[in-house]
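The values are calculated or read from the model by the stated rules, or taken from the named source; none is laboratory data. In this text, all values refer to a predicted model and were calculated from it rather than measured experimentally. FYI the Cβ positions are ideal-geometry reconstructions off the backbone, even for glycines, and counts take in every protein chain you see.
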């Protein structure tokens, strides 16, 4: 995922389809790899927020 809106300090939260938060991470670098290998295969929903406002939401498929 690459977006011009993403800046250091943005928060990424990943949820399963039951609404449980499975990952929460603050962006520490302009480009950053987030390891999702431990959450298991499936469909997840993510929110990216900055200063408490959601700037992007979408789904993520982990194979």
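A few points about this structure:
- Taken as a whole, the structure places residue 57 among residues that are assigned to a strand (DSSP E or B), under 13 Å from the mean Cα position of the chain (by Cα), without any contact (Cβ under 8 Å) to a residue 24 or more places away in the chain and surrounded by 10 or more Cβ atoms within 10 Å (Cβ to Cβ).
- Of all residues in segment 1-19, those that are modelled with pLDDT of 65 or more have Cβ atoms under 6 Å from Cβ atoms of residues that are assigned to a loop (DSSP other than H, G, I, E, B), 6 or more apart or on another chain, in 8/27; 10/27.
- Picking from residues in segment 34-45 that are within 11 Å of the chain's Cα centre (by Cα) and either at pLDDT below 90 or assigned to a loop (DSSP other than H, G, I, E, B) (or both), the one that is nearest to residue 62 (Cα to Cα) is 36.
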